[in-house]
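The values are calculated or read from the model by the stated rules, or taken from the named source; none is laboratory data. Everything numeric in this text was worked out from a predicted model, so none of it was measured. Every residue, glycine among them, receives a Cβ derived from its backbone with ideal geometry; neighbour counts consider all protein chains shown. Heavy atoms of the whole protein, side chains included, go into the accessibility calculation; ligands, DNA and RNA do not. Shrake-Rupley method; radii C 1.70, N 1.55, O 1.52, S 1.80 Å.
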Amino acid sequence: MGLRNASNVQSDMEMLTSGDKLILTCKELCSIVAPSGREMPVLKYITNALFQYGYLIEVDKIGNLIAHKKLRKHVKNIALFAHMDSAGVIITRKSLSNELLWGSLSSWTKEKINNQPVIFDNGEEGIILYSEDATEKRVVNHSNNLSVGAIGAFKPTIKIENDYLIGTFLDDRVGCAILINLAKQLSTSKDNIFFVFTTQEEVGNKGAMAVMNSHQFDESYIIDTTKCDVSSLGEGYVNLGYGPTYKVCDGAGFCSIELISKIRTLQEKYKIKMQIEILTYAGSDIAAFRGKGDRSLFLGLSLPCDKMHTREEIVALQDLIGLFNLLKLLLRECYGAKYHN
């Protein structure tokens, strides 16, 4: 088969639906290894994706990327957040027997990480072993090019199976994909819209905290995944295929009731399929807003995700597309957004 020219490729892209483009972006982002503290490959992808659409790109010293068009005065500043990093591991030391030992850059259980392939920041691969009593954490089957301080993440895999997207790093590359595709479609808006891609969420929300120390937003939406329970439809649980969620609270605190009301008004007006997210543990980038109630109203909007922090995380395609459409509607109805045809 001969090489296809650029015009043919462009024509094919124009024929894709918004859902197709969103899924394609998810697949591309989920193939990139970029654990906490090593987000640069994702940052480069986002920069390349948005620069041609007229966005001004800011990158701060911790590596957060903030994209916006020319700013206007005397209007609201609205921010949409998603985090670029994924859960990772770090080689901490060598044992007396010269074996490499690893430590966690997230929360792992033995079932999630034991005997899994990992790619480190120098491109080398290894296998993570986690003993039954969690006292032994070794990296095996690696080359001699790995050393103490190397940071890695799961070797990525991504596929569509039935009505589900299954793969590595869905937390939170799906959020990044949603923001990228929203930004591409956005033409103008009544208010200033900021697309914020943060670093180091998995190790304490450090990127989002830096953004909130340097920027003033009136209203902020944090787009992420949330743990679901596929075995229960009881009240208080969220499930795959039952719609995206709006967050009442998680272990980082309570979301702003004013923004919850906005979402519920849209939900009722347009009969949108949604779920309520209530977590009394764990956290998200909403932690960056804690103690900053005078700076921004904020709300978490999430995708239910099964098997989170494994090589085969699962989200429902209809939830993914549903959250994208919800945000598109939100920006139009509440902030005067208009979109390209």
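Ranked from largest, the principal axis spans of the Cα set of segment 265-341 equal 38, 36, 25 Å.
Take the alpha carbon atoms of segment 86-118, find their center, do the same for segment 265-341, and report the distance between the two centers in whole angstrom. Value for the Cα centre distance between the two parts: 31 Å. Restricting attention to the chain, close to 65% of DSSP beta bridges with both partner residues there are antiparallel. For the peptides 315-322, 78-85, the ranking by mean Cβ contacts within 10 Å, running from highest to lowest, is 78-85, 315-322. Relative to the longest principal Cα axis of the chain, at what angle does helix 317-335 sit, 0 to 90 degrees, rounded to 10? Once rounded, the angle reads 40 degrees.
Against the chain, whose longest principal axis is taken from its Cα atoms, helix 170-185 shows a tilt of about 30°.
Can you give the calculated 222 nm mean residue ellipticity of the chain, where each DSSP H run of n ≥ 4 adds -39,500 (n - 2.57) and the sum is split over every residue, rounded to the nearest 500 deg cm²/dmol? Working shown, then result.
Details: 8 runs with 96 residues, N = 341.
Dividing the helical sum by the residues of the chain leaves -8500 deg cm²/dmol.
As an equivalent ellipsoid, segment 120-178 spans semi-axes of 28, 16, 11 angstrom, where each value is the square root of five times an eigenvalue of the C-alpha gyration tensor, largest first. If you take the Cα centroid of segment 140-190 and the Cα centroid of segment 27-53, the two points sit 8 Å apart. May I ask which residue of Leu71, Ala316, Ile260 lies farthest towards the positive end of the charge dipole of the chain, with charges of +1 (Lys, Arg) and -1 (Asp, Glu) on Cβ and the Cα centre as origin? The residue sitting farthest along the positive end of the dipole is Leu71.
Looking at the square roots a ≥ b ≥ c of the eigenvalues of the Cα gyration tensor of segment 164-228, which shape do they give, rounded for a/c under 1.5, prolate if a/b is larger than b/c, or oblate? Verdict is oblate for segment 164-228. Roughly what angle does helix 257-270 make with the longest principal axis of the chain, taking Cα atoms, 0 to 90 degrees, to the nearest 10? Relative to the chain, helix 257-270 is tipped by roughly 70 degrees.
Sequence-distant contacts, meaning Cα pairs under 8 Å at least 6 residues apart, place the relative contact order of the chain at 21 percent. Peptide packing: for 324-333, 26-35, 259-268, the average count of neighbouring Cβ atoms within 10 Å per residue gives the ranking 26-35, 324-333, 259-268, highest mean first. With the highest mean first, a sort of the peptides 37-43, 150-156, 100-106, 67-73 on other beta-carbon atoms found within 10 angstrom per residue produces 150-156, 37-43, 100-106, 67-73. Only protein atoms count toward the accessible area here, which uses a 1.4 Å probe; on the chain, the carbon and sulfur part of that area reaches 51 percent. Shape analysis of segment 139-258 places it in the oblate category; the axes a ≥ b ≥ c from the Cα gyration tensor give an a/c of at least 1.5, with a/b not above b/c.
Sort segment 84-150 into rounded, prolate or oblate with this rule: let a ≥ b ≥ c be the square roots of the eigenvalues of the Cα gyration tensor; rounded if a/c is under 1.5, and if a/c is not under 1.5, prolate when a/b is larger than b/c, oblate otherwise. Walk me through the numbers before you get to the answer.
Numbers: a/c = 1.58, a/b = 1.06, b/c = 1.48.
Oblate, because a/c is 1.5 or more while a/b does not exceed b/c.
Give, as a single signed number, the net charge of other residues whose beta carbon lies under 10 Å from the beta carbon of Thr199, with Lys and Arg counted +1 and Asp and Glu -1. Each step should come with its number before you reach the end.
Numbers: positive: Arg38, Lys206; negative: Glu39, Asp60, Asp85, Glu201, Glu202.
Result for the local shell: -3.
Label sites at Ser97 and Gln267, each approximated as a point 7 angstrom past Cα along Cα to Cβ, lie 5.4 nm apart.
When DSSP assigns beta bridges and you keep just the ones with both residues in segment 238-341, what percent turn out antiparallel, to the nearest 5? So the antiparallel bridges amount to about 55 percent of the total.
Can you give me the accessible area per residue for the chain, using a 1.4 Å probe, in Å²?
Working: 15860 Å² over 341 residues.
Value for the chain: 47 Å² per residue.
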